[in-house]
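Single-structure report; data block below.
The values are calculated or read from the model by the stated rules, or taken from the named source; none is laboratory data. Predicted, not measured: the structure shown is a model, and the values here were computed from it. FYI the Cβ positions are ideal-geometry reconstructions off the backbone, even for glycines, and counts take in every protein chain you see. Each accessible area value is taken on the protein alone, full model and side chains, heavy atoms only, with ligands, DNA and RNA left out. Shrake-Rupley method; radii C 1.70, N 1.55, O 1.52, S 1.80 Å.
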Amino acid sequence: MSNCSESRVLEFYRGSTVLLAGGTGFLGKTLLEKLLRCLEVSKIYLLIRTKKGCCGEERLKTILEDRLFDQVRRPDLIAKIIPVEVDYEQEDFGLTSGLKSQIQKEVQVVLYCIATVRLMAPLKEIVETNVFLARRMLQWFRTFPRLKTCVYTSTFFCNFDKEICEEKVYRDLPFGSYEIVMNMLEHLSLEECEQLKSTILQKFPNVYVFSKRLAEIMIETEFGQTLPVAIYRPPVITPTYREPLIGWTDNTFGTVAYIKSFWDGLGMVKYFDKRAKCDFAPVDYCANAVLVSGFDAVEKRLGGKDRCIPVYNHHSNKANNTYGELASWLGDSRTGVWERFVWKYCWFSTSHIWLMYVTVMLAGIKDKIAVWRASNKPIKKFYYRWSAYWFMGYSQMTGCVAFRSWKSVSNNLKRAHRNLSECDRQMFYFDLDEINFQEYIRCHVDGVIQYLAAKKQKISTN
């Protein structure tokens, strides 16, 4: 915990009661750890669902066992977390009137990270979580009398159709006005939405980016004048770079997907344009950007010059790292001569998804070898084939990002960075222009492999 006396951001959060929605996700866990380790908040209400028979307290206990929380596993810090068991399908989210009233009275800061990132899930299912649940939650936040700021995490790629993404909410939708689309999605059944999905999405490559565009319009239209809300837009969020440890992750997206394909020995074919710019941001940088956005949005409102919803694009025009360089740097991370050679040179990129079946055939051979070896258990029989199909599906879903490059206007975060004290800049670093991405890619591979090995071991023992 810092004793820095020159930090305005620390002073803003000190003694605050924070509501963290989506705190069990990748970014949410990183925010939770940062709040405990660096910010002297009074209390953290952590919204958490019952999952696979585990109640909120059990899930929190499991979350805190992760190595991410090694530095904050102290009774005085853990006591600040109040797990709030919720059921988002119920009225009042399944909260008792007493607990709901208590949260309303106390909360001053809301960090909202709830999202379903299943890119090819049914349209109705994604919209229910990413749009309609967000609307119900924001309606509740509007009743918080002490609320100072609410940061909603969106995605930079919800405006994928813009060559230059500005810091504003784009209100154009491919099928009708906002009101028409919302009314239709609200009343159509899941099956009807699927039948009309191609008509509704049109140019949008998947339901996730569409739902995030719709959510941003909903926030500006229905809450822009009545809620102190800001929108934070990160690019692809990747493993930690600096703190609390290097290379931590809890999912297989972003750079982790490519590391996994190499680590499984299936990295021959990559579905991307090796000249396209890869827009990544380490999750610790994203957590810091969220916290600074919450602080800066209040400062901006107090200035009274702009009543529009502040939008924070977390994106670098300076860092022009390509997917080809990413794959090469992954190879540079290996110390073994043969492994380094295979990772660095034994792959090719393609725009034809069907060529990914080369990887599937290789996986089938590896599965047969694994079954033939007596040391392998039956659970591993189709591990490599499953991995190959997963990587092919992931590549297809993210193809809209891996074959294009974007520029952005990121004035709000740049201005916020300039206005920070030196102490704040060191504690809440988030400037992507300052990252040596070659070093970052090389140094986080081993941490990712540690996560992948533990995950593979869990599959083998279940």
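Check 75, 83 and return the single one that is closer than 29 Å to residue 282 by Cα, touching an Asp or Glu at 6+ places or on another chain (Cβ under 7 Å) and not aromatic (Phe, Trp, Tyr). Testing whether each residue is closer than 29 Å to residue 282 by Cα, touching an Asp or Glu at 6+ places or on another chain (Cβ under 7 Å) and not aromatic (Phe, Trp, Tyr) leaves just 83. Just to be sure before I move on: is residue 138 at pLDDT below 95 and surrounded by 15 or more Cβ atoms within 10 Å (Cβ to Cβ) in the structure I sent? No: the conditions fail for residue 138. Do we find a residue being open to solvent by less than 70 Å² (accessible area, probe 1.4 Å), of a type in the set (Asp, Glu) and in contact with a strand residue (DSSP E or B) (Cβ under 8 Å, 6 or more places away or on another chain) anywhere in region 82-89? Within region 82-89 (the criterion being open to solvent by less than 70 Å² (accessible area, probe 1.4 Å), of a type in the set (Asp, Glu) and in contact with a strand residue (DSSP E or B) (Cβ under 8 Å, 6 or more places away or on another chain)), the answer is yes, since at least one residue qualifies.
So is residue 270 open to solvent by 10 Å² or more (accessible area, probe 1.4 Å), touching a residue at least 60 places away in the same chain (Cβ under 8 Å), more than 19 Å from residue 38 (Cβ to Cβ) and out of contact with any Lys or Arg (no Cβ under 6 Å at 6 or more places or on another chain) or not? First the steps, then the outcome.
Working: open to solvent by 10 Å² or more (accessible area, probe 1.4 Å): no; touching a residue at least 60 places away in the same chain (Cβ under 8 Å): yes; more than 19 Å from residue 38 (Cβ to Cβ): yes; out of contact with any Lys or Arg (no Cβ under 6 Å at 6 or more places or on another chain): yes.
When the stated conditions are applied, residue 270 does not pass them.
Every condition in (1) open to solvent by 10 Å² or more (accessible area, probe 1.4 Å); (2) under 30 Å from residue 12 (Cβ atoms) holds for residue 150 except the one numbered (1).
If you scan region 449-462, which residues turn out to be open to solvent by less than 20 Å² (accessible area, probe 1.4 Å) and either touching a strand residue (DSSP E or B) at 6+ places or on another chain (Cβ under 9 Å) or farther than 17 Å from residue 252 by Cα (or both)?
Across region 449-462, the qualifying residue is only 460.
If you go through region 140-197 and keep only what is among the aliphatic types (A, V, I, L, M) and out of contact with any strand residue (DSSP E or B) (no Cβ under 9 Å at 6 or more places or on another chain), you end up with 173, 180, 181, 182, 184, 185, 188, 190, 196. The number of residues in region 222-241 that are touching a helix residue (DSSP H, G or I) at 6+ places or on another chain (Cβ under 6 Å) and not hydrophobic (A, V, I, L, M, F, W, C) comes to 8.
Here residue 247 clears all of (1) surrounded by fewer than 21 Cβ atoms within 10 Å (Cβ to Cβ); (2) in a loop (DSSP other than H, G, I, E, B); (3) small (Gly, Ala, Ser) except the condition numbered (1). In region 101-131, of all residues being part of a helix (DSSP H, G or I) and open to solvent by less than 20 Å² (accessible area, probe 1.4 Å), the one that is nearest to residue 190 (Cα to Cα) corresponds to 123.
Can you tell me which residue is surrounded by the fewest Cβ atoms within 10 Å (Cβ to Cβ) among those in region 21-76 that are assigned to a helix (DSSP H, G or I) and of a type in the set (Asp, Glu)?
Of the residues in region 21-76, the ones assigned to a helix (DSSP H, G or I) are 26-38, 56-64, 67-69, 75-76.
Remaining after also requiring of a type in the set (Asp, Glu): 33, 57-58, 76.
Details: 33: 25, 57: 11, 58: 15, 76: 8.
Restricting to residues being assigned to a helix (DSSP H, G or I) and of a type in the set (Asp, Glu), the top hit is 76.
For region 277-370, the helices (runs of 4 or more DSSP H) that sit wholly inside it and include 3 or more residues that are buried (at least 16 other Cβ atoms within 10 Å of the Cβ) and of a type outside the set (A, V, I, L, M) are 283-303, 323-332. Of all the listed residues (114, 164), the sole one being among the hydrophobic types (A, V, I, L, M, F, W, C) and touching a Gly at 6+ places or on another chain (Cβ under 7 Å) is 114.
From the set of residues in region 198-231 that are part of a helix (DSSP H, G or I) and among the small types (Gly, Ala, Ser), which is most open to solvent (accessible area, probe 1.4 Å)?
Filtering first and then ranking leaves 198.
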